[in-house]
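The values are calculated or read from the model by the stated rules, or taken from the named source; none is laboratory data. This is a predicted model, so every value here is computed, not measured. A quick note on method: Cβ atoms are made from the backbone with ideal geometry, for glycine too, and the neighbour counts reach across all protein chains shown. The area values use the complete protein model at the heavy-atom level, side chains included, leaving out ligands, DNA and RNA. Shrake-Rupley method; radii C 1.70, N 1.55, O 1.52, S 1.80 Å.
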Amino acid sequence: MILFIREIKSNMKSFIIWTVCIVSLIFLSMSMFPSFSADAGAIEDMMKNFPEEMKKALNISSLNLGEALDYFTYIFQYVLLFAGIQFMLVGASMLSKEETEKTIEFLYAKPITKNYIVTSKLLTAIVQILVFNVTGALFSVISFNLFADNEYKLKTLVLLWLSVAALQLFFLSVGFLISIFIKKTRQVMPVALGVVLGTYFISIISSISDQVSFLKYITPFKYFDGIRIIRDGSIDTVYIIICFFIILASVTATYVCYNNKDMNV
Amino acid sequence: MNIIETKNLTKYYGKHRGIIDINLQVEEGEIFGFIGPNGAGKSTTIRTLMNFISPTSGSAYIFNKDCQKQSSYIKKSIGYLPSEVNYYDDLNAQQLFQYSAKYYHKECTARIRELSEYFELDVSKRLDEMSFGNKKKVGIIQALLHKPKLLILDEPTGGLDPLMQNRFFDLLENENKAGTTILFSSHLLSEVQRMCNRVAIIKEGHLLKVERVETLREEKYKKVKILLSNPRENIESLSEIGENVVISKNKVEFMYKGKSKELLQRLNAIECDNIWIEDPSLEEIFMHYYL
């Protein structure tokens with residue numbers, strides 16, 4: 001509990017900044033929906049002239065942006081991206097910052113185990129994910145109320161935010177595992193961004209070309225594709241299973257590697 | 001009872017040598033010095049004892065408990081001061097002490113105040129605004145606040161001014177009298193000389209010797225320095241009895257071990273402007289003996 005409380009406090013500021021930014025993104029975008037839907041016809045016409053590949057790349061080929069939920073889903077893919085980056089950074093820095101800031105000697109000298117350290121930090125991040133998604137869901141309901149005449153299904157919104165949470169857990173656990181091998185602070189940013197943006201582009205490529213559609217199995221952005229969620233009203237079980245096992249494997253590997261790792265100061 | 005015991009403790013960092021076959025016993029109530037040049041393996045040994053790194057082979061025990069398997073249990077009763085002190089930038093000293101104390105589930109407020117006053121430390125100052133010496137004080141207080149049974153200090157005096165060093169040593173002596181065992185690493189022999197009952201000398205990863213400080217001093221070596229009146233003086237008689245004889249122009253220096261009378265008789269035959277006969281420092285004894 002001691003380390004958990006300390007972690008919650010020391011990570012509070014950056015968590016609030018990220019959360020406020022992402023929630024504002026949703027809120028501001030939704031506030032533009034009324035004027036956007038008024039001109040929906042013109043926009044539809046314009047988009048008809050877009051090449052098909054480009055529409056696929058932007059993930060708008062099957063979206064009707066005049067519909068509130070479709071419009072929301074379009075914004076939602078950027079929420080996924082930023083939320084992914086946020087928790088990839090959290091995962092990649094939580095354990096490694098103790099070593100890069102050389103505070104690890106203080107922590108290791110305390111009567112606690114390495115498992116306790118990993119668990120406390122993991123729990124902190126999970127609590128952050130919970131708070132983030134409850135806040136996000138709340139503000140999306142509010143924005144639908146204010147700007148889109150309540151044109152949403154609660155179940156779909158809940159599914160969308162559950163998928164954000166799952167995506168964050170995915171990047172968090174991968175970040176934790178990677179962070180064990182990070183030796184310098186300046187490595188955190190490029191590695192974290194590289195993984196998230198890399199998988200994001202893979203998801204785009206896998207939608208454009210059928211030849212590489214197998215790539216959809218290695219990118220979490222495909223697991224939690226907002227468009228499929230609002231069309232089907234569910235998340236594909238295969239993806240849930242893959243995601244679950246990647247998270248499980250990463251977390252297990254984190255515990256094992258961290259226990260066998262020498263302090264590196 | 002041995003507080004610390006290592007058996008053939010060996011650590012390689014990949015192919016690089018850390019320490020090789022270290023066998024060490026530190027008894028309860030001792031102040032045990034750990035001496036060696038930089039890179040000899042002092043910190044490696046200490047970090048292995050603290051389970052910061054795991055040994056390549058061999059084993060280590062503290063309070064008769066395995067340092068690897070029961071590390072968190074052992075650490076309840078250990079105070080550790082790292083050679084480089086680094087703490088959380090967002091805390092001030094008082095917050096850090098309270099945070100540290102929580103891990104020991106002990107009420108340490110009075111002790112924190114006492115120690116802070118003793119070292120004249122401003123506890124309201126943030127750690128990232130502190131000087132190196134003040135950070136060291138924070139480290140010392142942090143290591144002592146839960147009244148540990150064993151103190152492990154890795155080069156503890158770096159950064160402290162002489163006044164604070166003296167206070168620190170006085171404090172350690174008092175703690176030791178109250179029953180605390182102390183392991184103290186240093187590359188400065190004078191510190192060890194002042195504080196320790198026994199010293200271990202480590203060089204290039206090997207433990208060279210463990211010796212009582214008194215025994216080392218009892219080796220009746222004298223350091224003799226002579227300023228000759230006449231540079232052409234015949235000093236062969238001195239070269240015969242002296243060890244490590246160094247001659248430069250009219251200055252002669254050597255180490256002498258033997259009867260004082262014989263030394264004086266030989267000196268008597270020589271014309272000299274000045275003469276010094278001193279106890280060598282431990283440093284010089286070590287240099288002479290082992291290194």
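Once you place label points 7 Å from the Cα toward the Cβ at A:L146 and A:M1, how far apart are they in nm?
3.8
Projected onto the charge dipole of the stretch A:1-145 (+1 at Lys/Arg Cβ, -1 at Asp/Glu Cβ, origin at the Cα centre), which of A:A68, A:I16, A:S37 gives the Cα projection farthest towards the positive end?
Towards the positive end, the residue furthest out is A:I16.
Could you size up the charge dipole of the stretch B:2-217 around its Cα centre, putting +1 on the beta carbon of Lys and Arg and -1 on that of Asp and Glu, and report it in debye to the nearest 20?
For this selection, approximately 600 debye.
Using modelled amide H (1.01 Å from N, peptide plane; none on Pro or chain starts), what sits under 5 Å from the amide H of B:I202, excluding residues fewer than 5 places away?
Counting only residues 5 or more places away or on other chains, the set is B:I35, B:G36, B:L208.
Find the lysine pairs in the stretch B:1-91 meeting two conditions, Cα atoms under 14 Å apart and a separation of 8 or more places or different chains, and report how many there are.
4
Calculate the FRET efficiency for B:K261 and B:S59 from the Cβ-Cβ distance with a Förster distance of 56 Å, rounded to the nearest 0.05.
It comes out at approximately 0.60.
Mind checking the dipole of the protein assembly as shown: about its Cα centre, +1 per Lys or Arg Cβ, -1 per Asp or Glu Cβ, Debye to the nearest 20?
900
Would you mind getting the accessible area per residue of the stretch A:73-227, heavy atoms of the protein chains only, 1.4 Å probe, in Å²? Intermediate results must be reported in sequence, preceding the final value.
Details: 5950 Å² over 155 residues.
Normalised by residue count, the accessible surface of the stretch A:73-227 is 38 Å².
Within the stretch B:44-68, name every residue whose backbone N is under 18 Å away from a label modeled 7 Å from Cα of B:E28 along the Cβ vector.
Taking a point 7 Å out along Cα→Cβ of B:E28, the residues of the stretch B:44-68 whose backbone N falls under 18 Å are B:61-66.
Return the carbon/sulfur percentage of the accessible area of the protein assembly as shown, one whole number, probe 1.4 Å, all protein chains in place.
56
Relative contact order, percent, of chain A when contacts are C-alpha pairs under 8 Å separated by at least 6 residues? Don't skip to the end; give the middle numbers.
Working: 284 pairs, mean separation 74.0, N = 265.
Once divided by the residue count of chain A, the mean separation gives 28 percent.
Assign unit charges at the C-beta atoms only (+1 for Lys and Arg, -1 for Asp and Glu), then state the dipole size of the stretch B:105-157 relative to its Cα centre in Debye, rounded to the nearest 20.
Value, rounded to 20: 200 debye.
Taking 1 over the mean of 1/r across every pair of different Cα atoms in the protein assembly as shown, what Kirkwood radius in Å do you get?
28.4
The stretch A:233-265: which residues show an accessible-area loss of 50 Å² or more, assembly versus chain alone, 1.4 Å probe?
When all protein chains are present, A:D262, A:M263 each give up 50 Å² or more of accessible surface.
Between A:A42 and A:S14, what length in nm is gained on full extension when 0.36 nm per residue of separation is reduced by their alpha carbon distance?
Here the segment from A:A42 to A:S14 would lengthen by 6.0 nm.
Rounded to the nearest 500 deg cm²/dmol, what is the calculated helix-only ellipticity per residue at 222 nm for chain A, with -39500 (n - 2.57) per DSSP H run of length n ≥ 4?
Using -39500 (n - 2.57) per qualifying helix, the result is -25500 deg cm²/dmol.
On C-alpha positions alone, give me the angle between the axis of helix A:237-259 and the longest principal axis of chain A, in degrees, nearest 10.
20
Threshold 50 Å², probe 1.4 Å: give the residues of the stretch B:76-117, in number order, that are less accessible with all protein chains present than with their chain alone.
By number: B:N86, B:Y88, B:Y99, B:Y103.
So for the stretch A:1-101, averaging the separation of alpha carbon pairs under 8 Å that are six or more residues apart and normalising by length, what relative contact order in percent results? All intermediate terms of the calculation are to be shown ahead of the outcome.
Numbers: 33 pairs, mean separation 29.5, N = 101.
The normalised contact order for the stretch A:1-101 reaches 29 percent.
Heavy-atom accessible surface, probe 1.4 Å, ligands and DNA/RNA ignored: which residues of the stretch A:80-112 lose at least 30 Å² versus the isolated chain?
In the stretch A:80-112, residues shielded by partner chains: A:K102, A:T103, A:E105, A:F106, A:Y108, A:A109, A:K110, A:P111, A:I112.
What is the angle, in °, between the Cα long axis of helix A:114-147 and the longest principal axis of the Cα atoms in chain A? Nearest 10 is fine, range 0 to 90.
Orientation of helix A:114-147: about 20 degrees from the principal axis.
Only helical DSSP H runs with n ≥ 4 go in: add -39500 (n - 2.57) per run for chain B, normalise by residue count and round the 222 nm mean residue ellipticity to 500 deg cm²/dmol. Please report the intermediate quantities before stating the final value.
Numbers: 11 runs with 97 residues, N = 291.
Dividing the helical sum by the residues of chain B leaves -9500 deg cm²/dmol.
For chains B and A, what's the summed buried accessible area, probe 1.4 Å, to the nearest 100 square angstrom?
On the way: alone 15200 and 13220 Å², together 26130 Å².
Its buried surface, counting both partners, is about 2300 Å².
Skip the ligands, DNA and RNA, and give the accessible area per residue of chain B with a 1.4 Å probe, whole Å².
49
Considering only Cα-Cα distances, which of the following residue pairs are longer than 28 Å: A:K97/A:K155; A:K13/A:K110; B:K125/B:K147? Mind dumping the intermediate values first?
Values: A:K97/A:K155 39 Å; A:K13/A:K110 26 Å; B:K125/B:K147 24 Å.
Flagged as over cut-off: A:K97/A:K155.
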